[in-house]
Amino acid sequence: MVSKKSRHRDPLVIRTPEGLYCPKAQAHIDPWRSVDCALITHAHADHARAGSKDYHCALGGEGLLKQRLGDQQITPHAYGDSFTRGDVQISFHPAGHVLGSAQIRLDDGDSVWVITGDYKRDPDPTCKAFEPVPCDVLITEATFALPIYRWPSMDQTMDQLFAWWDHHVRHQRTPVLLCYSLGKAQRMMAEIQRRSDRSVKVHGAVATLNRLYEQQGIDLCPWERASETNRGVSSDLVRLDASPWRSAARINSSRVRGKRSCRLEWSHQDSSGQPSNPGVRHTWRNASVNTVSQRTPRHCSRPFGNRFWN
């Protein structure tokens, strides 16, 4: 937390067992438990949880929240538009993380606090770009705050991805990429769309979210839901959900089980969808999908960069 003011006053946001809480607005920010009013920065599962009475989010993210949380009371707000709870003016501002992601601005007339949620400052064709919000106190996510983290450009990453993809197609292997179903998958598909006419096959979890992105006018590369009806080697990139709670062993019964020869790439991720060990990719070389297990593979490589995980 960073503050520009030293004058003592009661904090506008405090920590509670349910998560960050603004007493003057009687609202929680990304609460961990069920509460009366939840201000949600974005729809990733570590920030949006079901069970609260009332939800507020940025306009454009309500479809993802409904998909993730089910039948809940959700009120969307356009970026920059303010609404009042108690003595506090609340507004949502672009965070550049995923579709509908937002920083939350709280203003009680004495000070302005901003809670960033997850954010990134680099361009992303699938969401509105991050906008700095002037404030007195900033509560920021800091997953990759250390200066050791330096990401290659998206152009470099996509060049490496296409080279990896082409290499395995030439060797009659279906390229299979595991990545987070919300945000990361769609960003990569949008970057493919901008650079080529290639198509991909996707896991059902990715397909459902793709439709919500497309409803918001986001251009993705040609895609179809992966099916067991077409067995054998495919030149399309196969995209599977790699949510942290899904074990690699579940691929054994996935939609790509019938592929004769596959190349699987998987990155360990923390709860924000980021790789817990950036720069390392675990690779099963020339492996049938049926042989994948949870144990650490013997072969590790870096087939392409981590830029799209940022």
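The values are calculated or read from the model by the stated rules, or taken from the named source; none is laboratory data. Everything numeric in this text was worked out from a predicted model, so none of it was measured. When we count neighbours, we look across all protein chains shown, and the Cβ atoms used for this are built from the backbone with ideal geometry, even at glycine.
Take the conditions without any contact (Cβ under 8 Å) to a residue 40 or more places away in the chain, surrounded by fewer than 17 Cβ atoms within 10 Å (Cβ to Cβ), charged (D, E, K, R) and outside the structural domain of Leu220 (by TED's automatic domain parsing) and apply them to Arg105. Does it pass?
For Arg105, the condition - without any contact (Cβ under 8 Å) to a residue 40 or more places away in the chain, surrounded by fewer than 17 Cβ atoms within 10 Å (Cβ to Cβ), charged (D, E, K, R) and outside the structural domain of Leu220 (by TED's automatic domain parsing) - is not met.
Keeping to the range 108-122, report how many residues are over 23 Å from Glu214 (Cβ atoms) and surrounded by fewer than 15 Cβ atoms within 10 Å (Cβ to Cβ).
Initially, the range 108-122 is screened for residues over 23 Å from Glu214 (Cβ atoms), giving 108-117, 119, 121.
From what is left, the residues that are surrounded by fewer than 15 Cβ atoms within 10 Å (Cβ to Cβ) are 109-110, 121.
Result for the range 108-122: 3.
Here are Gly96, Gly109, Gly100, Gly117: which of them is out of contact with any Phe, Trp or Tyr (no Cβ under 8 Å at 6 or more places or on another chain), closer than 30 Å to Arg198 by Cα and at pLDDT 95 or above?
Gly100
Residues checked against (1) among the β-branched types (Val, Ile, Thr); (2) modelled with pLDDT of 60 or more:
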site: Arg211; (1), (2): no, yes
site: Cys221; (1), (2): no, yes
site: Ser235; (1), (2): no, yes
site: Trp245; (1), (2): no, no
site: Ala248; (1), (2): no, no
site: Ile251; (1), (2): yes, no
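Return the only residue of Thr126, Thr143 being assigned to a loop (DSSP other than H, G, I, E, B), under 19 Å from Gly63 (Cα atoms) and out of contact with any strand residue (DSSP E or B) (no Cβ under 9 Å at 6 or more places or on another chain).
Step by step, each of Thr126, Thr143 is checked, and only Thr126 is assigned to a loop (DSSP other than H, G, I, E, B), under 19 Å from Gly63 (Cα atoms) and out of contact with any strand residue (DSSP E or B) (no Cβ under 9 Å at 6 or more places or on another chain).
Which one of these is surrounded by fewer than 15 Cβ atoms within 10 Å (Cβ to Cβ) and either free of Cβ contacts under 8 Å to residues at least 40 places away in the same chain or assigned by TED's automatic domain parsing to the domain that holds Tyr55 (or both): Pro125, Pro134? Break it down stepwise before answering.
Values: Pro125 fails: surrounded by fewer than 15 Cβ atoms within 10 Å (Cβ to Cβ).
Selected residue: Pro134, the only one of Pro125, Pro134 that is surrounded by fewer than 15 Cβ atoms within 10 Å (Cβ to Cβ) and either free of Cβ contacts under 8 Å to residues at least 40 places away in the same chain or assigned by TED's automatic domain parsing to the domain that holds Tyr55 (or both).
When you check Asp46 against the structure, is it in the same structural domain as Cys127 (by TED's automatic domain parsing), surrounded by 13 or more Cβ atoms within 10 Å (Cβ to Cβ), acidic (Asp, Glu) and under 25 Å from Lys128 (Cβ atoms), yes or no? Break it down into steps so the answer makes sense when it comes.
Values: in the same structural domain as Cys127 (by TED's automatic domain parsing): yes; surrounded by 13 or more Cβ atoms within 10 Å (Cβ to Cβ): yes; acidic (Asp, Glu): yes; under 25 Å from Lys128 (Cβ atoms): yes.
For Asp46, the condition - in the same structural domain as Cys127 (by TED's automatic domain parsing), surrounded by 13 or more Cβ atoms within 10 Å (Cβ to Cβ), acidic (Asp, Glu) and under 25 Å from Lys128 (Cβ atoms) - is met.
So which residues in the range 52-73 are outside any helix (DSSP H, G or I) and surrounded by fewer than 19 Cβ atoms within 10 Å (Cβ to Cβ)?
Listed by number, the residues that qualify are Lys53, Asp54, Leu59, Gly70, Asp71, Gln72, Gln73.
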